[in-house]
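The values are calculated or read from the model by the stated rules, or taken from the named source; none is laboratory data. Nothing here was measured: the structure is a model prediction, and the numbers come from that model. With ideal geometry, Cβ positions are generated from the backbone for all residues, glycine too; neighbour counts draw on all protein chains shown. Accessible surface areas use protein heavy atoms only, side chains included; no ligands, DNA or RNA. Shrake-Rupley method; radii C 1.70, N 1.55, O 1.52, S 1.80 Å.
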Amino acid sequence: RRPRWVHTASAGVDHLMCPELAASDTFVTNARGVFDAPIAEYVAALVLAIAKDLPRTLDLQRERTWRHREGRRVAGTRACVVGSGPIGRAIVRTLKALGITTALVGRVPRTGIHGPDDLDRLMSRADWVIAAAPLTEQTYGMFDAHRFGVMQPSACFINVGRGQLVDEEALVRALNRRWIAAAALDVFATEPLPADSPLWEVPGLVVSPHMSGDTVGWRDELSTQFVELYERWAAGRSLLNVVDKKRGYVPGH
């Protein structure tokens, strides 16, 4: 028999969604709300680290080399955040606190949110392009050679969404050819990232092991959230965080 309810302790549901589950009457819920602030903080940390050239500073320290450089101010720069769910909105709030002008892109245009038709235009003006979208048929591979080609040579790309949002080979070419200045990836098409992946040595690329949402105590938060959901289920009340299985995320994004 099919389960009546499936819960995933993650924001994304692409790893468990299959045709049978999508076509069933099984409820699917996710961990929406647990990772929003931590991921937004992580994105802000990457923006500041890249703007202030901190990766190079650490390299020079290991080399015992004193080399003065000039950092970049983030206040007054522009960011394009792709993904208008809770994580994307948290990223926007955090970047605005740093004085960064932000544009948010979602599945459909509405008040305060741009639609996909505006993406190329917004990316061409952005200093920071942040991918925080769910993985769906529409978003798979959306950051490709064309999209990296419209970005400014001084711009930076950051992905905290899903690895499959990005054509990784196109990103490698974009960095090697200096189409864009820098990038940071916390998610990858294959995880763990293989030791022989060219991504490890691409100039200007920061690699982190899918940790942007994981802060001290995150498992306790996930447990608390699940217990609250279970109590609602046991009492016959409607569940929260119910995923639209056709869209691949919780409606309202």
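Within region 195-208, work out how many residues are free of Cβ contacts under 8 Å to residues at least 60 places away in the same chain and out of contact with any Phe, Trp or Tyr (no Cβ under 9 Å at 6 or more places or on another chain). Count: 9. Conditions first: (1) farther than 18 Å from Ser154 by Cα; (2) of a type outside the set (Ser, Thr, Tyr); (3) touching a Phe, Trp or Tyr at 6+ places or on another chain (Cβ under 9 Å). Cys80 passes all but one, so which condition is the exception? Failed condition: (1).
Give the residue, chosen from Ala174, Ala181, Ala170, Ala155, that is touching a strand residue (DSSP E or B) at 6+ places or on another chain (Cβ under 9 Å), in contact (Cβ under 8 Å) with a residue 12 or more places away in the chain, open to solvent by 50 Å² or more (accessible area, probe 1.4 Å) and not acidic (Asp, Glu). Among Ala174, Ala181, Ala170, Ala155, only Ala181 is touching a strand residue (DSSP E or B) at 6+ places or on another chain (Cβ under 9 Å), in contact (Cβ under 8 Å) with a residue 12 or more places away in the chain, open to solvent by 50 Å² or more (accessible area, probe 1.4 Å) and not acidic (Asp, Glu). Pairs needed: first member in region 75-94, under 15 Å from Ala133 (Cβ atoms) and in contact (Cβ under 8 Å) with a residue 40 or more places away in the chain; second member anywhere, open to solvent by 20 Å² or more (accessible area, probe 1.4 Å) and small (Gly, Ala, Ser); C-beta distance under 9 Å; at least 6 residues apart or different chains. Pairs found: Ser84/Gly112; Gly85/Ala11; Gly85/Gly252; Pro86/Ala11; Pro86/Gly33; Pro86/Gly252; Ile87/Ala11; Ala90/Ala37. Got at least one residue in region 55-78 being touching a Lys or Arg at 6+ places or on another chain (Cβ under 9 Å) and either crowded, with 21+ Cβ neighbours inside 10 Å or at pLDDT below 95 (or both)? No - not one qualifying residue is present in region 55-78. Just so you know, in region 237-253 the residues that are open to solvent by 70 Å² or more (accessible area, probe 1.4 Å) and without any contact (Cβ under 8 Å) to a residue 40 or more places away in the chain include one that is farthest from Val34 (Cα to Cα), and it is Arg237. Considering region 209-240 alone, what residues qualify as being outside any helix (DSSP H, G or I) and within 19 Å of the chain's Cα centre (by Cα)? Scanning region 209-240 gives Pro209, His210, Met211, Ser212, Gly213, Asp214, Thr215. Those helices (runs of 4 or more DSSP H) of region 1-97 in which 2 or more residues are farther than 26 Å from Ser223 by Cβ and under 23 Å from the mean Cα position of the chain (by Cα) occupy 36-51, 54-62, 86-97.
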